[in-house]
Amino acid sequence: NIPLHNDWMSVGAVVDSQIGQEGMRHSSPQRFLLEHITQAPYTRQMLQEATLAYGPFVIKDWSYVSDEVVGEGYILVGDAACFVDPLFSSGVHLALMAGILAAAYVTTALKDPSMRAAAGRVYKDLYYKEYHHFHDMAALFYSSNRTTDSYFWEARRLLGQGHLSPRQAFLHAVADQPPRSYERVVLDQGEAPADFVHSVRSMESERTARHTQLAAVLNQADIQRTRFDRLVPRLDVGASVERQPILAEGEFVWGYVLRTAGYPEGIPCSGLIARLTSLIDGHTTVGALVAKLGEGREAAERALIERHALAAVQILYVDGTIADMRGW
């Protein structure tokens, strides 16, 4: 029951698609809706003196996302761009987030028209990333709900049917995201699908094993005297660095993003990370990579670059961007 500004009330029933189609095949939408209202005592009492103004209307598959969200002379934000699910009230978050991004896009397009197309693609990627995040979390919630045995809920156990399985799916759902209350509810309550739990545990085990392997060869007091600098890193399949607009202070500016299997939309990275990643060819040692980054620099600057580069290699390895390192 949704109160409207003109003292009207929008009243509807959310039902399973199959049940709804079968029910309306043998009666009209109005009779079908009234039958469901009689099953809801509070709503039935509230509407006992009400009259039907118009409708009802049948709406199916209300979750949607626009094929394009930005183009010549227009940009979509909020519900105009997408809608996920009413349960999590994601619309406000998406509208405010998109408003900030849209303002940055417009500012960029007016200041530097040559960036318009590239900034538009980034706007679309960032919006889709947030939409899919909410969509995956909504699907996870439905799949883990154990409060009823009805077919309505069983039919929505999406992730138990193979839609969430590998490491990439887990990363796409929850990685690189600030904590939100609905996420904690989804992850802490209910019974998560077995393949989701398996993905989480597999990632944790993999990261722990990689961290342990690094610790065995690293001497934190003087990392360059260990055999770490003789290891040969190899990037994971699909890992790459691209130059594209990134969000800065109220506008988009040219920068770098690191794309991996776990982060296909890309993560903004520094010029040092971009250069380091571009140098990793599966043949050059860590020590040689660090030396190349420091070429032509003053001693103090070279030492700073080397320290950050060595730390970056470790992070990229534990995260899986660096698939393996030969020479352990």
All conditions in (1) more than 30 Å from A119 (Cβ to Cβ); (2) under 27 Å from the mean Cα position of the chain (by Cα); (3) open to solvent by less than 90 Å² (accessible area, probe 1.4 Å); (4) not hydroxyl-bearing (S, T, Y) are true of L94 except (1)
Among the residues of the range 237-271, the number that are small (G, A, S) and in a strand (DSSP E or B) is 2
Just one listed residue, out of I315, I322, is surrounded by fewer than 14 Cβ atoms within 10 Å (Cβ to Cβ), under 17 Å from A209 (Cβ atoms) and either under 35 Å from the mean Cα position of the chain (by Cα) or among the hydroxyl-bearing types (S, T, Y) (or both), and it is I315
With criteria (1) part of a helix (DSSP H, G or I); (2) small (G, A, S); (3) within 22 Å of E204 (Cα to Cα), A274 comes up short on (3)
Taking the range 27-65 and keeping only residues that are farther than 30 Å from D136 by Cβ, assigned to a loop (DSSP other than H, G, I, E, B) and of a type in the set (S, T, N, Q), one is left with S27, S28, T38, Q39, Q48, T51
Taking the range 274-312 and the residues there that are open to solvent by 40 Å² or more (accessible area, probe 1.4 Å) and hydroxyl-bearing (S, T, Y), the one that is farthest from L258 (Cα to Cα) would be T285
Picked from the range 249-273 (must be open to solvent by less than 20 Å² (accessible area, probe 1.4 Å) and of a type in the set (A, V, I, L, M, F, W, C)), the residue nearest to D112 (Cα to Cα) is F252
Report task. Answer yes if at least one residue in the range 11-27 is farther than 25 Å from Y131 by Cβ and either within 24 Å of the chain's Cα centre (by Cα) or at pLDDT 90 or above (or both), and no otherwise. Result -> yes
Those residues of the range 67-91 which are open to solvent by 40 Å² or more (accessible area, probe 1.4 Å) and among the β-branched types (V, I, T) amount to I75, V77
I'd like to know if the range 47-63 contains one or more residues that are surrounded by 12 or more Cβ atoms within 10 Å (Cβ to Cβ) and under 19 Å from E130 (Cβ atoms). yes
If we keep only residues of the range 44-67 that are under 21 Å from I19 (Cα atoms) and β-branched (V, I, T), then the residue farthest from the chain's Cα centre (by Cα) is V58
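The values are calculated or read from the model by the stated rules, or taken from the named source; none is laboratory data. These figures come from a predicted structure and were not determined experimentally. Every residue, glycine as well, gets a Cβ built from its backbone with ideal geometry; the counts of neighbours run over all protein chains shown. Each accessible area value is taken on the protein alone, full model and side chains, heavy atoms only, with ligands, DNA and RNA left out. Shrake-Rupley method; radii C 1.70, N 1.55, O 1.52, S 1.80 Å.
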